[in-house]
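Here the structure comes first, spelled out in structure tokens, and everything after it is commentary.
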Amino acid sequence: MPVLQDPLMIVTDLDGSLLDHHTYSWQPARQWLMRLKEHHIPLVICSSKTAAEIVPLQQELGFGGSPFISENGAVVRYGDAQAEQTAQFSSQDSAAICHTLLRLRQHDGFKFTGFADVSEKEIAEWTGLTPALAARAKMREASESLIWRDSREQFDLFRERLDEAGLTLVQGGRFWHVMSKGSGKGAALRWLLEHYPSPTAQPGQRPLTIGLGDGPNDAPMLDSVDYAVVIHGYSKNPVLLERADKQHIYRSAARGPEGWVEGLDHFITPS
Ligand SMILES: [Mg+2]
């Protein structure tokens with residue numbers, strides 16, 4: 001089992017993981033966050049949230065400037081503002097994606113509501129976020145989130161049409177997310193690990209990664225880390241991992257940030 005002195009990197013989902021699904025509180029994880037900070041262990045947020053939502057949260061958590069993966073893996077960002085070592089991982093930006101969605105809706109009559117179709121007031125009602133935070137959720141760079149309002153058959157056709165347009169659908173905790181094919185939390189994390197020199201690791205050395213997530217959309221990320229914490233979530237669909245090393249997978253009993261703490265307690269031996 002890893003110890004705090006190892007070249008660790010924590011990769012975490014937000015909603016339903018580090019943040020409570022209902023209240024968005026991270027307070028139960030406070031002590032662990034302080035411990036990570038003390039040991040200069042990077043906390044890499046890997047979320048369906050936008051950069052505009054993640055950056056202020058990083059500050060609040062005390063991890064400002066850490067690399068992050070936003071919009072379900074459509075965007076990867078690391079390095080400080082001066083160095084501008086940022087990357088848009090996805091090949092299509094939100095404007096191009098929304099343009100395709102509009103075209104498909106006109107052509108095939110699909111019924112769905114995207115973030116681009118509504119005001120921040122409506123997004124606030126869907127999510128329980130304040131209108132100011134909902135406005136940040138709307139600032140999408142390389143994906144679009146939507147609520148599906150049509151039949152199963154139409155959904156299958158929609159998926160096919162997106163595929164033809166070079167796009168893919170990922171199911172998050174509350175919404176479906178449309179993004180470029182080949183992006184996603186797992187692909188984005190693998191890209192980051194190749195490019196980001198972790199402060200806890202020797203040059204050229206890969207950090208020891210612990211991933212935490214509660215949804216099926218976290219599975220590709222949880223398959224790409226060294227140790228995976230599957231947090232007890234609310235999704236009807238189970239989080240199915242492809243990895244065979246069962247001793248490196250821990251499924252928490254508690255939900256949200258309490259489950260997050262339980263996972264780190266399980267894998268990291270206090271020294
Ligand atoms: Mg989640």
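The values are calculated or read from the model by the stated rules, or taken from the named source; none is laboratory data. Bear in mind the structure is a predicted one, so any value in this text is a computation, not a measurement. Virtual Cβ from ideal backbone geometry, glycine too; neighbours counted across all protein chains shown. Only protein heavy atoms, including side chains, enter the accessible area calculation; ligands, DNA and RNA are left aside. Shrake-Rupley method; radii C 1.70, N 1.55, O 1.52, S 1.80 Å.
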Take the residues in the stretch 140-163 that are of a type in the set (A, V, I, L, M, F, W, C) and at pLDDT 95 or above; name whichever of them is farthest from the chain's Cα centre (by Cα). L157
Select from the stretch 13-48 the residues that are within 11 Å of the ligand (Cβ to nearest atom) and more than 15 Å from H232 (Cβ to Cβ) and write down the one among them that is surrounded by the most Cβ atoms within 10 Å (Cβ to Cβ). C46
Is it true that some residue in the stretch 211-225 is among the hydroxyl-bearing types (S, T, Y) and within 14 Å of the ligand (Cβ to nearest atom)? no
Report yes if some residue within the stretch 213-236 is more than 18 Å from the chain's Cα centre (by Cα) and modelled with pLDDT of 95 or more; otherwise report no. no
As an exercise: evaluate L129 against (1) in contact with a Lys or Arg (Cβ under 9 Å, 6 or more places away or on another chain); (2) farther than 28 Å from L192 by Cβ and give the number of the one condition it does not meet. (2)
Qualifying residues in the stretch 107-135 (those that are aromatic (F, W, Y) and not in a strand (DSSP E or B)) - the one most open to solvent (accessible area, probe 1.4 Å): W126
Taking interchain pairs and intrachain pairs at least six residues apart, which have beta carbon atoms under 9 angstrom, with the first residue in the stretch 17-32 and within 18 Å of G128 (Cα to Cα) and among the acidic types (D, E) and the second away from the ligand (no atom under 14 Å from the Cβ) and open to solvent by 40 Å² or more (accessible area, probe 1.4 Å)? D20/Q27; D20/P28; D20/E258
Can you find, within the stretch 136-175, the residue that is most open to solvent (accessible area, probe 1.4 Å) among those that are among the charged types (D, E, K, R) and under 27 Å from A124 (Cβ atoms)? R149
Can you find a residue that is touching an Asp or Glu at 6+ places or on another chain (Cβ under 9 Å), within 16 Å of the ligand (Cβ to nearest atom) and among the small types (G, A, S) anywhere in the stretch 49-61? no
Hey, among S252, S271, which residue is within 16 Å of the ligand (Cβ to nearest atom), more than 17 Å from the chain's Cα centre (by Cα) and more than 23 Å from L129 (Cβ to Cβ)? S252
Return the pair list, or none, for Cβ contacts closer than 8 Å from residues in the stretch 169-189 that are within 14 Å of the ligand (Cβ to nearest atom) to residues that are among the β-branched types (V, I, T) and not in a strand (DSSP E or B), at least 6 apart or on different chains. R174/T127
